[in-house]
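Just below is one structure, and these are the notes that go with it.
No value in this document is a laboratory result; all are computed from the given coordinates. Since the structure is predicted, the reported quantities are computational estimates derived from the model, not experimental observations. We place every Cβ from the backbone using ideal geometry, glycine too, and count neighbours over all the protein chains shown.
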Amino acid sequence: MPEGHTIHRLARDHARFFAGHPVAVSSPQGRFEAGAAVLDGAVLTATDAYGKHLLHHYDHGAIVHLHLGLFGRVRHHRGTPPEPPDTVRYRVANAVHTIDLIGATACELLDPARLEALTARLGPDPLRADADPDRAYAALQRRRVGVGRALLDQRVVAGVGNVYRAEVLLVHGVHPELPARELGRTRFDGIWDTLRDWMARGVRERRIVTVDRDELGLPPGRIARGGATYVYRQTHCRRCGTPVRRWDLAGRWAYACERCQPPPA
DNA sequence: AAGAATGTTATGTA
DNA sequence: CTACATAACATTCT
């Protein structure tokens, strides 16, 4: 489920829920026992997000690194939480809030050196104020693969996933198979700006919405699930009605409207 | 109720 | 260093 906006949203929420007071940390099924032992009763002082990686910083210096992978989630309960199901790895709670981590691929303690190594191998994250788009552009210039592949490579840009990839390339008329190094600077700048805007919107709205309500003449009210994208999981391009092509690109579905995004020669 | 899904890493090969 | 294929890992929802 998660692309970068989800992780930034979680970072913000967790800081709000827990900042300043001790928390109870547990590992209900014993899959993060070492961590829970170190963390229980500590104060969660700060949270941070780099791309799809979430960090919890505790007052005694411990850092928890979380990555939700393809289907990880964090569930939030207000008030008395339910008994944790078998799949809960890491539970953080105070008198009011409880969060349960489920299905994550990473849930581990990190020392500062390993945190540094982690952030060093990530490309700039459009949601971070310290992001340097020049680095992403330079990385693109070095790749021979298509832009579609390159955009999912977290060393190029951090936080972009399959939905934003499909959508941003559609809106900018770029075919996923265009060699990354052939993407012009102007076009790249447009893509970067769009990603930043959309992902910030994703944090606010807690979901991915790339479509423009006025452009599509959508009625007021919540945009239906499945109706929030132009090509991703669409059968026809929401802009021009052309059938969408979907194909396996390095193990992920790629989507394109080959009228809006002419294939490279 | 099998299968799909907004992801990454490690490993071996070229 | 870049690329690519394959396997492994993690759950929920239809």
In 10 Å bins starting at zero, report the fraction of Cα pairs in chain A per bin as a rounded %.
7, 28, 31, 21, 12, 2, 0
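Order by neighbour count: A:45, A:229, fewest other Cβ atoms within 10 Å first, most last. Before the final figure, lay out the partial values.
Details: A:45 15, A:229 20.
By the 10 Å Cβ count, ascending: A:45, A:229.
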How do the peptides A:59-67, A:1-9 rank, highest first, by the average count of neighbouring beta carbon atoms within 10 Å per residue?
A:1-9, A:59-67
Cα-based shape type of the range A:1-46, given that a ≥ b ≥ c are square roots of the gyration tensor eigenvalues and the cut on a/c is 1.5:
oblate
Which one, A:105, A:58, A:146, is farthest towards the positive end of the dipole of chain A when Lys and Arg carry +1 and Asp and Glu -1 on their Cβ?
A:146
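By the gyration tensor of its Cα atoms, with a ≥ b ≥ c the square roots of the eigenvalues, what is the shape of the range A:4-120: rounded for a/c under 1.5, prolate for a/b over b/c, or oblate?
Because its axes are fairly even, with a/c under 1.5, the range A:4-120 counts as rounded.
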Taking only the Cα positions of the range A:164-223, the convex hull volume per residue in Å³ is 89 Å³
Explain nothing, just the number: relative contact order of chain A, from Cα pairs under 8 Å at least 6 residues apart, as a whole percent.
16 percent
Need one number for the range A:65-127: average projected area of the convex hull over its C-alpha atoms, nm².
5.8 nm²
For the Cα atoms of chain A, what angle does the longest principal axis make with the long axis of helix A:4-18, in degrees from 0 to 90, nearest 10?
20 degrees
By the gyration tensor of its Cα atoms, with a ≥ b ≥ c the square roots of the eigenvalues, what is the shape of the range A:133-197: rounded for a/c under 1.5, prolate for a/b over b/c, or oblate?
rounded
When ranked by the protection proxy of mean other Cβ atoms within 10 Å per residue, highest first, what sequence do the peptides A:128-138, A:47-57, A:193-203 form?
A:47-57, A:193-203, A:128-138
Roughly how many Å is it from the Cα centre of the range A:172-195 to that of the range A:118-170, as a whole number?
11 Å
Please list, in order, the residues from the range A:91-113 whose amide nitrogen is less than 19 Å from a point placed 7 Å along the Cα→Cβ vector of residue A:16.
A:92-101
